[in-house]
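A.B. asks: So that we are looking at the same thing, I have put the structure below in structure tokens.
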Amino acid sequence: MRLPLQLHAYSALTRCLGILLGLTIAVSVSAAPVITSAGSFSNPCGLTPPTLSPASATVAVGGVLSVTATGCAGGIIQYFGSGGVYTVAPGGSISVPTSATGTVVIPAACSKSGCLSDIAEAVITIVPAGDPNAATRPLVANPIGTQNATVGSNFTFIIPANTFTDPGNNPLTLTAAGLPDGLTLTGSIIMGPPTSAGIYPVTITATNTLGLSINTTFTLIVSPSGPGAPSDLTPTITLPQANFPASSSRDFVVTISELNGMPTSAGNVPVTITVPFGYTISYSNAISTINVTDGLTNPVAVDNANWTVTANSGNRQLTLMINSGQSIPGFGKAVLGFTATRTTANAGSASVVTVNVSDDAANTYDSNAANNIYSRVISGL
């Protein structure tokens with residue numbers, strides 16, 4: 001049983017992050033909670049990890065529990081959750097999924113001035129409510145930390161013998177789910193050359209001779225091979241409410257995601273956003289959050305301060321450039337907040353908002369022009 005986590009934003013290759021999303025995130029559960037764990041990376045900025053409270057807790061299935069994240073003065077706290085890396089303001093809460101048994105580890109770090117602190121973790125154990133087999137079911141004793149591999153290179157990881165315990169000292173059989181292509185589990189050893197870069201949640205299940213099981217999940221970061229692998233950027237638009245009454249405005253975000261596990265060059269990522277005739281677009285690099293119109297989770301943290309408008313065509317087309325010294329990390333994201341306003345567009349009209357990452361023949365920030373454009377239909381009511 002596991003909660004799928006798509007961790008697209010934590011790379012062993014870089015520390016400068018541009019991932020800014022929502023404030024209080026309720027992590028959804030599709031099957032069962034899992035554990036994700038991140039080890040200590042280098043911390044050139046000297047940032048102090050956030051404080052997570054409670055740092056450890058046990059809750060029954062279906063119980064309600066939130067982890068409060070504090071510290072990180074002047075910055076934003078980022079954590080792994082369902083669907084990627086999320087952001088919570090200092091003092092905000094992270095909702096813990098409790099729909100099924102398992103162990104949830106919430107790794108969090110302080111993000112400030114484009115850099116990231118070491119990791120702090122909250123470990124939450126979800127136990128069966130009135131489980132008749134609780135006395136004989138295996139337990140997760142020691143969560144597995146983040147592991148790192150490289151495409152095409154042989155990888156070997158021995159699951160520590162103290163990861164699981166069994167109350168009756170029964171033998172345990174291990175199985176794995178979520179391994180990238182090229183890796184297999186034999187006994188307690190994961191080995192092989194992974195074939196694709198990415199961040200993989202790998203679930204290890206321990207089953208005893210009574211047929212009772214427990215699972216835990218760790219994060220495996222597979223980096224591209226070679227020092228010069230190019231980055232690949234693609235944009236998306238989050239605009240839930242795309243209907244514009246006369247003279248109305250809509251706040252929305254554009255997310256620029258890196259897909260290849262390699263950071264972009266610093267100070268050299270141009271992005272253009274265009275609204276149709278009859279609308280205007282505005283951008284402020286003085287904001288750190290924005291309330292997306294009809295968004296499910298507000299306010300949404302944005303990194304507008306790290307980008308500057310370099311061209312403005314009639315308030316209908318804006319070109320932005322990432323600031324000097326800033327970059328988008330491998331598997332990372334930059335989130336930008338905008339406001340679109342209907343001015344003279346006719347009622348009943350339909351048109352599109354378009355965002356595009358400028359093509360990069362030199363491959364310094366983008367190597368794939370095929371996914372550089374994203375459009376969203378809007379309508380005048």
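A.B. asks: For Ala60 and Thr238, compute 0.36 nm times the residue count separating them, minus their Cα-Cα distance, and round to one decimal in nm. Please list the in-between numbers first.
C.D. replies: Numbers: separation 178, 0.36 × 178 = 64.08 nm, distance 3.51 nm.
Length gained, Ala60 through Thr238: 60.6 nm.
A.B. asks: Another question, if that's okay. From the P(r) of region 25-223, can you give the percent of Cα pairs sitting at distances over 22 Å?
C.D. replies: Working: 9976 of 19701 pairs.
Result: 51 percent of Cα pairs exceed 22 Å.
A.B. asks: So, one more: May I ask which residue of Gln147, Ser282, Ala301 lies farthest towards the positive end of the charge dipole of the chain, with charges of +1 (Lys, Arg) and -1 (Asp, Glu) on Cβ and the Cα centre as origin?
C.D. replies: Farthest towards the positive end: Ser282.
A.B. asks: Rounded to the nearest 5, what % of the DSSP beta bridges within the chain are antiparallel ones?
C.D. replies: Beta bridges within the chain, antiparallel portion: roughly 90 percent.
A.B. asks: Taking a temperature of 25 °C and a viscosity of 0.890 mPa s, what whole-number D in µm²/s does Stokes-Einstein yield for the chain with Rh from Kirkwood over alpha carbon pairs? Before the final figure, lay out each step's value.
C.D. replies: Details: Rh = 22.1 Å.
My calculation gives 111 µm²/s for D.
A.B. asks: Give me Met321, Met262 ranked fewest to most by other Cβ atoms within 10 Å of their Cβ, as a rough exposure proxy.
C.D. replies: Values: Met321 17, Met262 26.
If I rank by nearby Cβ atoms, fewest first, I get Met321, Met262.
A.B. asks: Something else: Over 22 Å apart: what share of the alpha carbon pairs of region 233-380 falls there, rounded to a whole percent? Before the final figure, lay out the partial values.
C.D. replies: Details: 4026 of 10878 pairs.
Tail of P(r) above 22 Å: 37 percent of Cα pairs.
A.B. asks: Once the other residues with Cβ under 15 Å from the Cβ of Asn291 are scored (Lys, Arg +1; Asp, Glu -1), what is the net sum?
C.D. replies: Working: positive: Arg250; negative: Asp251, Asp294.
Every neighbour counted, the sum reads -1.
A.B. asks: Find how many whole Å separate the alpha carbon centroid of region 230-281 from the alpha carbon centroid of region 129-203.
C.D. replies: Region 129-203 and region 230-281 have Cα centres spaced 39 Å from each other.
A.B. asks: Which FRET efficiency, nearest 0.05, do Asp294 and Asn371 yield, Cβ-Cβ r, R0 41 Å?
C.D. replies: Working: r = 27 Å, r/R0 = 0.65.
Efficiency, from the Cβ-Cβ distance: 0.95.
Values quoted throughout were computed directly from the atomic coordinates according to the rules given, and no laboratory measurement underlies them. Note that the coordinates shown come from a computational prediction; the quantities given were computed from them, not determined experimentally. We place every Cβ from the backbone using ideal geometry, glycine too, and count neighbours over all the protein chains shown.
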